[in-house]
Amino acid sequence: MIVKAGEDEKKMEIKKLLFVTRFDNLHFDALQSLMDLKKAALNHVVFLNVIERDKVAMRRGTGYEKSAEIRLREKANIRFIDWAETLFEQGMEVGVYIVVGSFAGQVIQAAEKESVDLIVLSPEKKGRLERLYSGSDITEIVQRAATPVLVYKYLAQKGPLAENPFEKPLLATNWSAASQRAIDYLKSLKAVIREVDVVHVASEKDLKETSAMGIQKTRKENRQKLDALCDDLEDFGITAKPHVYIGDTVSEIDKAARGCQSSMIIAGSPRKSLWKDRWGTSISKGLAEQSIFPVLLIPPKEG
Amino acid sequence: MSKKVLIVDDDPDVRLFNATVVEESGFTPIEAANGEEGLKLIKKDRPDLVILDVLMPKQSGIRLYRELKTDKSLIGIPVIMLSGVAKRTFLRSQKALTEFGDKPVPEPENYLEKPVEPEELAREIKKLLG
């Protein structure tokens, strides 16, 4: 089913984004690479730095380290003032939050308070074991926030490879409602997208037919759906190319992005229980953690 | 009744500092934590002076200042900008917004960069509220 551009799309404009940084692996150049979004209505950036409790809380014999909190706050404040000055001079609106608390909780709170249209953050800092016990912050944010989340990754060590990560995205679709929402979102970004590659990965489990004919039939069915989707995108003014891949979804999407020289991956993120996602292996989680590309995850509609 | 001074700053410590200076100077402080709240209080309480920060959540001082100085009924309220953001940036941002089609706005009555000495702030408040 192809949903035509409608009112829902207007609501999905990116006017305000929340830029969440710990200053270690997400820098101002990442934000600058997103400034093309001004063409798609961006006019307000809100900075957020979360001082995690373990940095300021209870050390043996010292208790709560108020002075450490002040130092961290001021350090963040000075950095944000410098960044904000650049944006203010471009006529952008800028806001700041520097808060102490749990990372995911504070990101969600700030996103809600400010009613942002996009959350930009860096990949998970937690190790595998830590994630197993306390869960993945990104997964929690994607699950709880009703806002799309861009997991920003540097494609080159010296900085963003693509001047504009939205320039040539790869849209991964599995024909679900979440994928449809990602398509709608993509349409709302028409002003900044030069070309989009659309990929569907048929898992090996889906290839029930062992005959070459059966496998080809699966490919053909998906290819026809992709063609229809690409036609719809082209009618909408976005150049689109279809691709069918077969195999492990996360790694095949990553391969497709490499093959297409994509600037980012866009995918819908289905609703799942936190417990299931923490222990399971969702595609969105896999992409956020494993892919080398920036990943934009579009959450399902609320309700 | 003493004149009212609205302090708009997201940092509670700064609000407390400014409110103390305002009180010590013989005026009544009112406080707001962001531009959005600040604008509501300006319309409701009609303060005699606004001390305004720039970088805040919800709505920045740049936008609040613009709203104040483009509203005929509010334009006469003097403003002391008090921020870590440089005056040059503030003026450039206002210029950029004017270039994008907004109305031009006058410069603020005073622009102080943080941190400010209490004596300096008190002096500027008294100068404007005489």
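FYI, it's all coordinate maths here, none of it is from the lab. Just so it is clear, the structure is predicted and the values come from calculations on it, not from any experiment. Positions of Cβ are generated from backbone atoms using ideal geometry, with glycine treated the same way; all protein chains shown enter the neighbour counts.
Assorted remarks:
- Along its three principal directions, the equivalent ellipsoid of the stretch B:7-52 from the Cα gyration tensor extends over semi-axes of 16, 14, 6 Å, largest first.
- Based on alpha-carbon atoms, the Kirkwood radius and the radius of gyration of the stretch B:54-102 give Rg/Rh equal to 0.95.
- Just so you know, the Rg over Rh for the stretch B:25-71 is 0.95, from Cα atoms, with Rh as the Kirkwood radius.
- Among the trypsin sites (Lys or Arg not before Pro) in the stretch B:1-86, those located in a DSSP loop and surrounded by at most 11 other Cβ atoms within 10 Å of their own Cβ are B:K72.
- Spacing of the two label points (7 Å from each Cα toward its C-beta) at A:K217 and A:S102, in nm: 4.9
- Dipole of the stretch A:196-252, positive direction: furthest Cα of A:T239, A:L226, A:S211, with charges on the beta-carbon: A:S211
- Per principal axis, descending, Cα span of chain B in whole Å: 42, 29, 27
- Estimated Rh, the protein assembly as shown: Kirkwood, alpha-carbon pairs, angstrom: 23.8
- Test item: B:91-103 mean partner chain Cβ contacts at 10 Å: 3
- Legend: distances between Cα atoms for A:K16/B:K87; B:K40/B:K95; A:K153/A:K220; pairs beyond 27 Å are A:K153/A:K220.
- DSSP bridge pairs, the protein assembly as shown: antiparallel proportion in percent, nearest 5: 10
- Shown is the FRET efficiency for A:Q90 and A:D24, computed with R0 = 30 Å from the Cβ-Cβ distance and rounded to the nearest 0.05: 0.75.
- Taking amide H as placed 1.01 Å from N in the peptide plane, A:Y97 has its amide H under 5 Å from the amide H of A:F47, A:L48, A:N49, each at least 5 places away in sequence or on another chain.
- For the stretch A:195-250, the calculated P(r) over all alpha carbon pairs, in 10 Å bins from 0 to the bin holding the longest distance, is 25, 46, 23, 6 percent.
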